[in-house]
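Let me begin by presenting the structure, written as structure tokens, before commenting on it.
The values are calculated or read from the model by the stated rules, or taken from the named source; none is laboratory data. Only a predicted model underlies this, so the values are computations on that prediction, with no experimental measurement involved. Every residue, glycine as well, gets a Cβ built from its backbone with ideal geometry; the counts of neighbours run over all protein chains shown.
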Amino acid sequence: MDEPAAGQRRSAGDIYHEAAWSALRESDEQVHALIEREYERLGDTLQLIAAENQCSQAVLAALGSVIQNKTTEGFVGARYHGGCEVVDGVEWLACERAKAAFGAQYANVQPHSGTSANQIVMTAVLDRGDRVLSLSMDQGG
């Protein structure tokens, strides 16, 4: 990780991610080594499997941040647990960006699985009786 310029402080997020990676290496060298191998594999290959997303470093940082520690049942401003103000801000921002990207009045960015996300899309764009082509799992489906 690059050192900050003279007079600048490192962000809490930078310190957290560096510490988390070091903690993994110290507490479980085998898992750390396997994840390192995956980073190398991704850097040396081109994945053409539709189900394998290749997240940007920014997305990986967000997904591996303290945000993922928070239980966030419910909706922005109406959660079932306290302390969700920051998570609410992230979700609100994601909804606003989705609305802008799709020219929509409303957006929900909470699908809890790929299956439900697929069902949402299919029910939105297909009519009763439409046919869907799907490959078998061993063929990439």
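Output the number of the condition that residue 109 fails; it satisfies all remaining conditions of (1) of a type in the set (A, V, I, L, M); (2) touching an Asp or Glu at 6+ places or on another chain (Cβ under 7 Å); (3) modelled with pLDDT under 85.
The single condition residue 109 does not satisfy is (3).
Where in region 49-141 are the helices (runs of 4 or more DSSP H), entirely inside, with at least 1 residues that are of a type outside the set (A, V, I, L, M, F, W, C) and under 30 Å from residue 19 (Cα atoms)?
57-63, 85-102
Say we look at region 109-141 and pick out the residues that are surrounded by 12 or more Cβ atoms within 10 Å (Cβ to Cβ) and in contact with a helix residue (DSSP H, G or I) (Cβ under 8 Å, 6 or more places away or on another chain); which of these is farthest from residue 75 (Cα to Cα)?
Among them, the one singled out is 111.
Would you confirm, using the coordinates I've provided, whether residue 38 is surrounded by 12 or more Cβ atoms within 10 Å (Cβ to Cβ) and either touching an Asp or Glu at 6+ places or on another chain (Cβ under 8 Å) or acidic (Asp, Glu) (or both)?
Criteria not met by residue 38.
For the structure I just gave you, tell me whether residue 87 is under 30 Å from residue 139 (Cα atoms), touching a helix residue (DSSP H, G or I) at 6+ places or on another chain (Cβ under 8 Å) and free of Cβ contacts under 8 Å to residues at least 24 places away in the same chain.
no
Out of 74, 64, 82, 13, I need the residue that is at pLDDT below 90, over 30 Å from residue 136 (Cβ atoms) and touching a Cys at 6+ places or on another chain (Cβ under 9 Å). Which one?
None of the other options fit; the residue is 74.
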